[in-house]
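Inspection log for the structure reproduced underneath, given as structure tokens.
Here, each number is a calculation from the coordinates, and none is a lab measurement. For clarity, every value in this text was computed on a predicted model and none was experimentally measured. A quick note on method: Cβ atoms are made from the backbone with ideal geometry, for glycine too, and the neighbour counts reach across all protein chains shown.
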Amino acid sequence: MRQRWGYFWGMSVVDDHLQLVPGNYASLFISERPLDPPGYGAVMTEMMSAAEQMEGYLGFESLRNAEDGVFISYWQDAASVEAWAAHAGHRMAKSRGTAEWYTAFRSVLCKIEKTTWFRRAVNPVAK
């Protein structure tokens, strides 16, 4: 069964269901880590479930190429981002990340001013 988040293969990077508007926030997490470090998968599953339950969580997009990854979570407003930052499980996961999993990372918070979206239609009858 394919997981909803991009940690697993077979998922489109662009989430066609995201409805982003100016004033929303994007939290970018750019990282370097081994592909499957011990304990990472279970914590990631737990944190994704917790994030999806948070008020103001809008969704995510992610991409991983071997040890390099980009994970972008989207939030309704600054208060939602702050609530996620204060979440006990998220703080624990960040602590384990620096102690056990990541060799490097950068976190960037951006207020969305404009967003556009495109997906080419697929025509199965094309000649």
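For the pair residue 50 and residue 103, a Förster radius of 35 Å applied to the C-beta separation gives a FRET efficiency near 0.90, rounded to the nearest 0.05. Assuming 1.567 mPa s and 4 °C, estimate D for region 25-111 with Stokes-Einstein, Rh taken as the Kirkwood radius over Cα pairs, in µm²/s. D, rounded to a whole number, is 98 µm²/s. In this label model, residue 65 and residue 32 are separated by 1.5 nm, measuring between points 7 Å along each Cα→Cβ vector.
Between residue 87 and any residue 5 or more places off or on another chain, the built amide H atoms are never under 5 Å apart. Between residue 119 and residue 79, the modelled label-to-label distance comes to 3.1 nm, taking each label 7 Å out from Cα in the direction of the beta carbon. Farthest toward the positive end of the dipole of region 25-111, out of 110, 60, 50, is the Cα of 110, where the dipole comes from beta carbon charges about the Cα centre.
Over all other residues within a Cβ to Cβ distance under 12 Å of residue 64, the charged ones net out to -4, with Lys and Arg as +1 and Asp and Glu as -1.
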